[in-house]
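In what follows, a single structure is set out as C-alpha cells and then discussed.
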C-alpha cells in the first residue's frame, strides 16, 4: 500500500480529464502536436537542403518571432474582450491554412525558401492567437485546484507530440519526402479544430476593454509591477535564447551522423522524451513551495545538460543529455504557467497569456537565431556547448539577484 501511495503521489494528476471540455481540448492537442512535430523537422530540413546554411535554418525563428510578438500580444487582448471559443476557432483556421500552403509548395516543387518563410510566419500568426486563448480558457472550464494538474497534462501531451512527431516525421521524410510529412500535419490538425468547435460559448467576464494598444500595455504593466511574474519570464528567456540548440540539429546530423534522417529524428525528439518522463512523474511538482529558487536550479541544470550533449560524439549520449534537459524544461513550464494563470484575474488572463506565449514561443525562435549566427563564427560545437554554459551561469546570477523571486513561495 505504501508503494502504491508513493507512486500515486508522484504520477501525473489526471483529474482534469474528467471535465469533458478540457478532455476534448487535451485529446485534440495530443493528436495535432504529432503533426506539428513532424512539420518542425521537415521545414528545418527542407531549408537546410535548399541553402546548406544553419543561419537560414535559424532565420526560421525570425519568421516565427515577429508574428508571435505582434499577434500574441494583440490576440491576448482580444481574448479578454470576445467569446474565447470563437477566437480559438479563427486562430485554428489561420494555422491550418498555413499548413496547407506549406504542403502546397512541397507538392509543386517550388523550392523557394522565402515562400516557406512566409507560410511559417502565417502559421505563427495562427498559433499566436490560439495559444493565449487556450491558456485563458483553461481556468474558465476547470476548478482552481485542477489548474496545475491541467498544466502538467498539457506539458505531457505537448512532449509526447514532440517525441512522436519528429520520429514519425523522420520516417515519413525518408520514405515519402516533405509533402508526405506536411500532409500528415494538415490531417492531424483537424482534431484540434474539432475540439475548439465543441467548446461552449465563453464570453468575457468582468470589465471589458477594447482590444488595442492600451489594453496590451495594461497587461504588460501588470507584469512589470510584479517582480515574481517578470522574473518567471526572464529566466525562461535566458534558458531558450542562450541554450536551445535546435537550429544546429541539421548541421550536427550532417557532420557527425552522416546526414541520417533517423539521427535527426532522435535529436529532435530527445528533449521531448525527457519532457514526457518529467510530466508523467510530475505529481510532486505542485507541492514545491520555493518555486523561485527551484526555477533557477532546474534552468541551470538544463543549461549544463545541453552543454554536455554538445560534447558527446555518440548519438545515444546526445539524446540522453538532451532528455535530462527536457525533464528540467517541463518542470519549469508547469511552475511558470501555474503562477501566471492563478495570479491573474480573469479579465487579464488573455493579455498575460499572450505575453507568456510571446516569451515561451518567441524565446526559442531567438535561440534558433542565436545558435545559427554563433555557429557561423564558432562552429557547431562552440555554439552548442558555449550556449549551454552561458545559460547556467547567467540564470544563477540573474535569478538569485532578485529578492522577491529568490524568496517567492507558492500560495
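The values are calculated or read from the model by the stated rules, or taken from the named source; none is laboratory data. Everything numeric here is computed off the predicted structure, so don't read it as measured data. Cβ atoms come from the backbone with ideal geometry, glycine included; neighbour counts cover every protein chain shown.
Below is a table of values for the structure above.
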{"read-out": "Boolean, residue 214 is assigned to a helix (DSSP H, G or I), surrounded by 22 or more Cβ atoms within 10 Å (Cβ to Cβ) and over 18 Å from the mean Cα position of the chain (by Cα)", "value": "no"}
{"read-out": "Residue within region 325-333 that is closer than 30 Å to residue 203 by Cβ and modelled with pLDDT of 80 or more present", "value": "yes"}
{"read-out": "Positions within region 94-149 being free of Cβ contacts under 8 Å to residues at least 24 places away in the same chain and within 30 Å of residue 282 (Cβ to Cβ), in sequence order", "value": "143, 145"}
{"read-out": "Region 359-390, residues that are closer than 16 Å to residue 308 by Cβ and under 18 Å from the mean Cα position of the chain (by Cα)", "value": "none"}
{"read-out": "Meets criteria (within 30 Å of residue 137 (Cα to Cα), exposed (fewer than 15 other Cβ atoms within 10 Å of the Cβ) and either at pLDDT 90 or above or under 16 Å from the mean Cα position of the chain (by Cα) (or both)) for residue 35", "value": "no"}
{"read-out": "Region 227-253, subset in contact (Cβ under 8 Å) with a residue 40 or more places away in the chain, part of a helix (DSSP H, G or I) and closer than 17 Å to residue 56 by Cβ, residue nearest to the chain's Cα centre (by Cα)", "value": "246"}
{"read-out": "Helices (runs of 4 or more DSSP H) contained in region 301-411 and holding at least 3 residues touching a helix residue (DSSP H, G or I) at 6+ places or on another chain (Cβ under 7 Å) and buried (at least 19 other Cβ atoms within 10 Å of the Cβ)", "value": "315-343, 346-399"}
{"read-out": "The one condition in (1) surrounded by fewer than 24 Cβ atoms within 10 Å (Cβ to Cβ); (2) touching a residue at least 40 places away in the same chain (Cβ under 8 Å) that residue 170 fails to fulfil", "value": "(1)"}
